[in-house]
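Q: Please read through the structure below; I'll follow up with questions.
The values are calculated or read from the model by the stated rules, or taken from the named source; none is laboratory data. Values in this document were obtained by computation on a predicted structure and should not be read as measured data. All Cβ positions, even for glycine, are placed from backbone atoms using ideal geometry, and neighbour counts span all protein chains on display. For accessibility, only protein heavy atoms count, side chains too; no ligands or nucleic acids. Shrake-Rupley method; radii C 1.70, N 1.55, O 1.52, S 1.80 Å.
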Amino acid sequence: MKTEFSLAQLADPDIAEADKILRACVHCGFCTATCPTYVLLGDELDSPRGRIYLIKEMLEKDRPPTAEVVKHIDRCLSCLACMTTCPSGVNYMHLVDQARVRIERDFSRPLTERALRAVLAFVLPRPSLFRVSMIMARLGRPLARLLPTPKTAPATPTLLRRIKAMLALAPGRLPAPGPVGGSVFEAVGTRRGRVALLQGCAQQVLAPRINQAAISLLTRHGIEVVLVKDEQCCGALTHHLGQDGDALARARANVTVWQREAEDNGLDAVLVTASGCGTVIKDYGFMLREDREFAGPAARISALAKDITEYLAGIDLHPSNQQGDVTIAYHSACSLQHGQKITHAPKDLLSKNGFVVKDVPESHLCCGSAGTYNILQPDIASRLRDRKIANIATVKPDMIAAGNIGCMVQIAGGTSVPVVHTIELLDWATGGPKPGLAGRD
Ligand code: SF4
Ligand code: SF4
């Protein structure tokens, strides 16, 4: 794609990066076929190629984006299916990240929308506040039924519609909190390794059982696990809202504490059980590339970051106690399959450990969770969820497995089939409790 940035514009490293990305696009349109919003809405401007044109215009003209541009960029899930499909290697992720920052900086959203985004950005990364908000949301759930749902979805969902979506996501009950930062879990038997485990923010409130399963499995296999003190939310939530000041501050804080832990006590990896977080941590090196102090350390932390299944693929697990009579529908989270290109490891681990693993038809399509997307774009999100659940139902699973808490909550909201994390199944197969039992929430 031909670009027309001035030399002055190209002196900005972000614009230079955008220019490189845009020039790689040959506007073939292959990406449209796998883009969930194009598949649902059929509008070229809701396809990757259409959005790439809109972003190009916005950056080249260096003018505040119009409401129309914002509407189509906001509808993008950042699922990155387009990156998997693109034959030219267009890095859509870095382009749309930049567009969101530009929109946040230059576009004045309506007051209610600004307020909602500010609340989400403030509450979600803070587990104690998020816990309180979930308790309040649970109490407010009966109200959700009284709030109207428009017959036709407006271009931009109303505040009431979004509040209704938010209330619907609140769990029926909240589990007790898990272990706190600073905890160290010793390896059982001879120590074979030492890892930091990301505590996460929403996940530690909604499902601490996931990291408990990870800790139990890792220590049982000789791996010491540390929950590093003063670790923060990875920054993914605010990064996807275009609030890069907050996201970069969190990235720097995490790089600092993980680097200190690695230097003082040694770390083989920083393990992540929420793939949405893992994708962003693996991008810290890029996000902080212009930071003279943090560029090197951030790149090293990104290299240390691993999805839990990626790490376990290199370890001999204890013999499984599974008999091949539990059928698992494996939901491949977008951040894992498109963001981190991890497609086989989770399924191979499950199969090797005695589960019957079924691929879900249209597995490349997002379930609609996408961070805060299911709150900000509830109508598109619920259509994607319904489609995902219909596809899952075709394989008649006993359980659904996924590697990302956002997907788990989104899918669980539309099915009675138990939705569990891949690590819970692997823990169960190698000596841990059955997911959802033994006091785990
Ligand atoms: S598939 Fe790649 S090269 Fe083709 S239009 Fe989409 S982004 Fe551009
Ligand atoms: S990230 Fe997903 S929703 Fe956004 S343009 Fe790419 S495929 Fe479409």
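Q: For residue 81, indicate whether it is modelled with pLDDT of 95 or more, of a type in the set (Gly, Ala, Ser) and more than 10 Å from ligand 2 (Cβ to nearest atom).
A: So residue 81 does not fit the description; no.
Q: Looking only at the range 317-336, filter to residues that are closer than 18 Å to residue 389 by Cβ and open to solvent by less than 20 Å² (accessible area, probe 1.4 Å); which one of those is nearest to ligand 1 (Cβ to nearest atom)? Even if it seems obvious, please write down each step before you answer.
A: Taking the range 317-336 as the starting set, the residues that turn out to be closer than 18 Å to residue 389 by Cβ are 327-334.
With the extra rule that they be open to solvent by less than 20 Å² (accessible area, probe 1.4 Å), the set shrinks to 328-334.
Details: 328: 32, 329: 29, 330: 26, 331: 25, 332: 20, 333: 22, 334: 16 Å.
Checked the range 317-336; the qualifying residue nearest to ligand 1 (Cβ to nearest atom) is 334.
Q: What single numbered condition from (1) assigned to a helix (DSSP H, G or I); (2) open to solvent by less than 30 Å² (accessible area, probe 1.4 Å) fails to hold for residue 260?
A: It is condition (2) that residue 260 fails.
Q: Could I ask something else about it? What are the residues in the range 176-210 that are part of a loop (DSSP other than H, G, I, E, B) and either of a type in the set (Phe, Trp, Tyr) or surrounded by 15 or more Cβ atoms within 10 Å (Cβ to Cβ) (or both), if any?
A: Narrowing the range 176-210 to residues part of a loop (DSSP other than H, G, I, E, B): 176-183, 186-192, 198-201, 207.
Once the filter is applied, which keeps residues that are part of a loop (DSSP other than H, G, I, E, B) and either of a type in the set (Phe, Trp, Tyr) or surrounded by 15 or more Cβ atoms within 10 Å (Cβ to Cβ) (or both), the range 176-210 yields 178, 179, 183, 187, 198, 199, 200, 201, 207.
Q: Another question about this same structure. Can you pull out the residues in the range 296-309 that are assigned to a helix (DSSP H, G or I), closer than 22 Å to residue 240 by Cβ and not β-branched (Val, Ile, Thr)?
A: 298, 299, 302
Q: Okay, moving on. Does residue 121 meet the test of being within 16 Å of ligand 2 (Cβ to nearest atom) and at pLDDT 90 or above?
A: No: the conditions fail for residue 121.
Q: Among all residue pairs at least 6 apart or on different chains, which show Cβ distances below 9 Å where the first residue, located in the range 358-369, is open to solvent by less than 60 Å² (accessible area, probe 1.4 Å) and the second is in a strand (DSSP E or B) and hydroxyl-bearing (Ser, Thr, Tyr)?
A: 360/330; 363/330
Q: Against the condition away from ligand 2 (no atom under 12 Å from the Cβ), within 18 Å of residue 13 (Cβ to Cβ) and not polar (S, T, N, Q), how does residue 60 come out, does it pass?
A: yes
Q: Checking the condition in a helix (DSSP H, G or I), modelled with pLDDT of 95 or more and farther than 30 Å from residue 48 by Cα, which residue from 384, 425 passes?
A: Criteria check complete, one pass: 425.
Q: Separate question: Condition first: hydrophobic (A, V, I, L, M, F, W, C), over 20 Å from residue 170 (Cβ atoms) and open to solvent by 20 Å² or more (accessible area, probe 1.4 Å). Now tell me which residues in the range 374-409 satisfy that.
A: Answer for the range 374-409, where residues must be hydrophobic (A, V, I, L, M, F, W, C), over 20 Å from residue 170 (Cβ atoms) and open to solvent by 20 Å² or more (accessible area, probe 1.4 Å): 390, 393, 395.
Q: Go through the range 24-34 and give me each residue that's outside any loop (DSSP other than H, G, I, E, B) and either in contact with a His (Cβ under 7 Å, 6 or more places away or on another chain) or closer than 26 Å to residue 105 by Cβ (or both).
A: Result: 24, 34.
Q: Let me ask you something else. If I ask for residues that are within 24 Å of residue 428 (Cβ to Cβ) and part of a loop (DSSP other than H, G, I, E, B), which ones from the range 341-368 would you list? Give the derivation first.
A: Within the range 341-368, the first condition is being within 24 Å of residue 428 (Cβ to Cβ), and the residues that meet it are 342-360, 363, 367.
Selection gives 342, 343, 344, 353, 354, 355, 360, 363, 367.
Q: Could you tell me which residue of the range 1-44 is nearest to residue 102 (Cα to Cα), considering only residues that are in contact with an Asp or Glu (Cβ under 8 Å, 6 or more places away or on another chain) and within 16 Å of ligand 1 (Cβ to nearest atom)?
A: 3
Q: Output yes when any residue across the range 36-54 is more than 15 Å from ligand 2 (Cβ to nearest atom) and either closer than 23 Å to residue 239 by Cα or in contact with a Phe, Trp or Tyr (Cβ under 9 Å, 6 or more places away or on another chain) (or both), and no when none is.
A: No - not one qualifying residue is present in the range 36-54.
Q: Let me ask something else about it. Name, by its number, the condition in (1) touching a Lys or Arg at 6+ places or on another chain (Cβ under 6 Å); (2) assigned to a helix (DSSP H, G or I) that does not hold for residue 329.
A: The single condition residue 329 does not satisfy is (2).
Q: Here is a further query. I need the helices (runs of 4 or more DSSP H) fully contained in the range 35-133, keeping only those with at least 2 residues that are crowded, with 17+ Cβ neighbours inside 10 Å and within 20 Å of the chain's Cα centre (by Cα).
A: Values: elements: 36-41, 48-61, 67-74, 81-85, 92-106, 111-123.
The helices (runs of 4 or more DSSP H) meeting that bar are 36-41, 67-74, 81-85, 92-106, 111-123.
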